[in-house]
Amino acid sequence: MSAPVVDAKRHTPQGDPSQKPSLVHRLAEHGIDRTLWLLVPGLLFVIVLFVYPFLYGLNLSLHPNKGGMFGAYKAFFTDPDMRGWDSLWITLKLSLPAALINVIAAIPLAYMMRGNFRGKRLLTTILVVPITLGTVLTAEGLLNFFGPRGWFNRFLGLFDLGPVQLVQNYWGVLWSLIISGFPFAFLLILSYMSGIDPSLEAAAKTLGADWKQRFRRIIMPLLAPGLATTFCLTFVLAFSVFPSAILVGDPSGSTRVVAYVAYNAWGQMFDYPLASASAIVMGVVEMIVIGVVLMLRSTMYKGSTGGKG
């Protein structure tokens, strides 16, 4: 009678049907292995810094001092001191144009800079320098350049023109959002543009397509998913505007954004449920806009970029 064959990995007889596989093997059969433990730090990071604060703020917004469960939301939209609807409209008027301008301005620059040429690194550095400035330095520069006694109005004064009010209003905040948001849009679009296979455009060129046709029929369809993602990211960055609305805007008037309303509810009125409700409304509006953009993206192009990215 021969001895049963022993599996060196399990150290158990292979012919013993009563012996169950180890937990590691059973998990591996379902696609779960030890490498998934690498997701644990990131998952904890998301839970601690995003999920928990969101749930805490949502619960706080549903327990206002008066008005019932949704009293804070009702106060946000109906209280004349809050001006909720106006603040939402002002925030959208700032964030949507800023995101759209940044994306449109970044497309031709990224298209020209996707290849290798002399001075590319220097030009790229110049275009992304505003990332290092921060909101305060950007606001100070705008005030010094476009302010009532700034260089721009002094230059106009040489021709008996002006002064032109370009800060402490809507335009000052819009300029600030464009300056701070453009480097992100440029770098993202450049990465998507560089990921498009150059052979596709070369093949179209051999078939007689000029650069306009190649850009319209090849580059833009392949770039559409990246443009949608870039627009969403720059929109979220601009929608949460707060320092610029105060430093180079008119927070009590034309630049009374939602973030400023939430800050007033928290820091001046000490109404934490109302501040939380304002923040939740901000998140809901952002998700609606992002959802619309992603739906439009799905109607443009559903394939892959077909290149390195």
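Arranged by the count of other C-beta atoms within 10 angstrom, fewest first, what order do 101, 288 take?
Numbers: 101 18, 288 10.
Placing the least packed residue first, the sequence is 288, 101.
Arranged by the count of other C-beta atoms within 10 angstrom, fewest first, what order do 118, 83 take? Before the final figure, lay out each step's value.
Working: 118 7, 83 17.
The fewest-first ordering by Cβ neighbours comes to 118, 83.
Could you compute the net charge surrounding residue 279? Neighbours are other residues with a C-beta less than 14 Å from the C-beta of residue 279; K and R count +1, D and E count -1. All intermediate terms of the calculation are to be shown ahead of the outcome.
Details: positive: none; negative: 271, 286.
Combined, the nearby Lys, Arg, Asp and Glu give -2.
Which whole-number percent gives the relative contact order of the chain, counting Cα pairs below 8 Å spaced six or more residues apart?
Values: 338 pairs, mean separation 76.6, N = 309.
Worked out over the chain, it gives 25 percent.
In the Gaussian network model of the chain, springs joining C-alpha atoms below 10 Å, which of 34, 214, 149 carries the largest mean-square fluctuation?
Looking only at 34, 214, 149, the biggest GNM fluctuation is shown by 34.
Once you treat every alpha carbon in the stretch 153-258 as an equal point and sum by Debye, what is log10 I(q)/I(0) at q = 0.11 Å⁻¹?
Ignoring solvent entirely, the Cα scatterers give -0.58.
Mind checking the angle between helix 170-194 and the chain's longest principal axis? C-alpha axes, 0 to 90 degrees, to the nearest 10.
In the chain, helix 170-194 runs at an angle near 30 degrees to the longest axis.
Rounded, prolate or oblate: pick one for the stretch 82-179, where a ≥ b ≥ c are the square roots of the eigenvalues of its C-alpha gyration tensor, a/c under 1.5 means rounded, and failing that, prolate if a/b is larger than b/c, else oblate. Can you show the working numbers first?
Numbers: a/c = 2.23, a/b = 1.27, b/c = 1.76.
The shape class here is oblate.
Please identify, among 78, 229, 135, the residue showing maximal mean-square fluctuation in a Gaussian network model of the chain using a 10 angstrom Cα cutoff.
78
Compute the helix-to-body angle for 84-112: its Cα long axis versus the longest principal axis of the chain, expressed 0 to 90° and rounded to tens.
70
Mean residue ellipticity at 222 nm from the helices of the chain, using -39,500 (n - 2.57) per DSSP H segment of n ≥ 4 over the full residue count, to the nearest 500 deg cm²/dmol? All intermediate terms of the calculation are to be shown ahead of the outcome.
Numbers: 15 runs with 197 residues, N = 309.
Only helices count here, giving -20500 deg cm²/dmol.
In units of 2.2 N^0.38 Å, what is the alpha-carbon radius of gyration of the chain? Write out the running numbers ahead of the final one.
Details: Rg = 27.4 Å, N = 309, 2.2 N^0.38 = 19.4 Å.
The reported ratio for this selection is 1.41.
Can you give the net charge of the other residues whose Cβ lies under 11 Å from the Cβ of residue 203, counting K and R as +1 and D and E as -1?
Values: positive: 205, 214; negative: 197, 201.
Summing Lys and Arg as +1 and Asp and Glu as -1 gives 0.
Where a number appears in this text, it was derived from the coordinates with a stated rule and is not lab data. Just so it is clear, the model here is predicted, and its values are computed rather than measured. Neighbour counts run over all protein chains shown; Cβ positions are idealised from the backbone, glycine included.
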